[in-house]
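First the structure, in the form of structure tokens, and then the observations on it.
Each reported figure results from applying straightforward, stated rules to the coordinates on display, with no laboratory input. On a predicted model such as this, the values are computed, not experimentally measured, just so you know. Heads up, the Cβs are rebuilt from the backbone with ideal geometry, glycines too, and the neighbour counts pull from every protein chain shown.
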Amino acid sequence: MKKTNIFRELKSFLLLWGSQAVSSLGTAMTEYALIVWVYGQEGTASSITLLTLCSFAPTILFRFAAGAVADRCDKKRIMLLADLFAACGTLSVFLLYAFSALRVWHLYIINVLLSFMNAFQEPAAFVATSLLVPKAHYAKAGGLQGFSGAAVSILAPALGACLLAFGGLKAVLICDLASFLFAFVVLLFFIQIPKTEKTDQERKEPFRESCMQGFRFLRGHPVILHLILFMACVNFLAKLSNDGMLAPFVLGRTENNQQALGAVQSFVSLGVLTGSLLVIKMKPAKNKLKLIFISTAFVFSGNIIQSLSASPWVWCAAAFGSYAMAAIMNANLTVFMREQVPLDMQGRVFSAESTLKNCSIPLGLLLGGLLADHVLEPFMAADHPLGRLLTPFFGAEKGSGIAVSFFLAGSIGILMSLTRLRKPIYRENAEK
């Protein structure tokens, strides 16, 4: 009886979650196929990096404004328009490819436009989930979203590769369009998202002022602001190590063994999948802040284990454990934000949070590559006393400098995470 009641309470969310997961799988297969196509055309890593940057930068730049739109406007309408725009992007790629007119620069422009629309779609979807899910089930909803994200990351490369082999890029794009149509129909006809009431002051408030309300809310809630700044530091350190430098680390230490890299990346996805399932099964944590900091410390411990080993199986085990804890950390962070922020502010606050939290990612990626190529790798390859002292721990072959970066980022991350537990501002919040 209890399970039936939970299913009924989450019925609309489950429809939204399932249909969006199908659409995400189609999108992820297209992203995989286009990366393969672009690399086949250009043959350079920079072409792939630029494709990723075009997909990422506009979302960060425009999200703070998109949050105000999400709070002011109908969430369902925003999501439908964003999905429709994404489908038009896929259809454009399909038509260009079908007439042998597709060029790499077309994809850069299309990705910029899709990233712009994604800036509006994500805060609207965040608020929609809060409106559809009772507070008691926030953790389960977060776990399900993490589960579907991990499942998509596991299935998309395999399915995308199969479709490319048997039907080419056209087959992948057709599947993406079909998945969009399914998600669009479900959202349009079967899901009713409750509307949030607006006060007279909110209706009269200038749009520019509304855009800044998310940042003002964070400034007035120091616990949330400190937590977001902590996560910005976490993202920066993660991009310096496992999350940003995993591929060059594994390929460098295994003499370009792509099977080893594939195995480690598979265990990353399996870790996220397992962590998400644990969140679904676990009772909601009473002290979410404590769990966030402890799980983050465990995430960074995986960096240290990987840096001190030359075994791909140890890397796999460490990746599994790290990303399982990362899934638990992210789910509890999302639940904490949903509980602390009023529904009528969630779009703006989510957007401000995302902007602050993710602004350190490009810097971490850039600095990680520069440190590896121009500082740490040459340092470990050179014959000098300090290098000989570190060689027994990190080796002297290619990738050993990145291993040092893993170790340093992991050590700093653990220290930073555990010291948060003793900060009065977090302890006082946990006691309320």
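A DSSP coil position with no more than 15 other Cβ atoms inside 10 Å describes the following trypsin sites (Lys or Arg not before Pro) in region 99-190: Arg103. Highest average first, the peptides 147-158, 291-302, 219-230 ordered by how many other beta carbon atoms sit within 10 Å of their residues are 291-302, 147-158, 219-230. A cut-off under 12 angstrom between Cβ atoms defines the neighbours of Glu255, and their net charge, with Lys, Arg +1 and Asp, Glu -1, is +1.
Recomputing mean projected area of the Cα convex hull in nm² from the coordinates shown identifies the correct label among (i) 24.2; (ii) 22.5; (iii) 34.9 as (ii).
Under a Cβ-only charge scheme (Lys and Arg +1, Asp and Glu -1), can you give me the dipole magnitude of region 200-303 about the Cα centre, in debye to the nearest 20?
Computed about the Cα centre, the dipole is about 400 debye.
Simple point charges give the picture: +1 on the Cβ of Lys and Arg, -1 on the Cβ of Asp and Glu, and for region 68-198 a dipole about the Cα centre of about 200 debye. Ranked for footprinting exposure by Cβ neighbours inside 10 Å, fewest first, Asp383, Asp83, Asp176 give Asp383, Asp83, Asp176. Model label sites at Leu14 and Ser311, defined 7 Å from Cα along the beta-carbon direction, differ in position by 4.2 nm.
Counted as membrane-span-like here are DSSP H helices of the chain whose alpha-carbon atoms extend 15 Å or more along the helix's own axis and whose Kyte-Doolittle mean is 0.0 or above; these are 11-42, 45-72, 75-98, 104-132, 138-190, 222-240, 242-253, 258-281, 288-307, 312-340, 360-371, 400-420. A dipole drawn for region 327-432 from +1 and -1 charges on Cβ atoms has a positive end, and of Ala327, Leu366, Tyr426 the residue lying farthest that way is Tyr426. Here the dipole of the chain is about 1500 debye; that uses its Cα centre as origin and unit charges on the Cβ of Lys and Arg (positive) and Asp and Glu (negative). Relative to the globular-protein estimate of 2.2 N^0.38 Å, the Cα radius of gyration of region 212-432 stands at 1.09. Counting only the Cα atoms, region 13-190 fills a convex hull of 113 Å³ per residue.
Please give the net charge around Val335, taking every other residue with its beta carbon less than 11 angstrom from that of Val335, where Lys and Arg add +1 and Asp and Glu add -1. Local charge sum for Val335: +3.
Dimensions of region 128-200 from C-alpha coordinates, computed as largest minus smallest value along each principal axis and given longest first, are 55, 25, 22 Å.
Scan region 275-361 for trypsin sites (Lys or Arg not before Pro) in coil per DSSP, keeping those whose Cβ has at most 12 other Cβ atoms within 10 Å, and list them by number. Don't skip to the answer; put the middle values down first.
Values: sites: Lys281, Lys286, Lys288, Lys290, Arg338, Arg348, Lys357; in loops: Lys286.
Filter output for region 275-361: Lys286.
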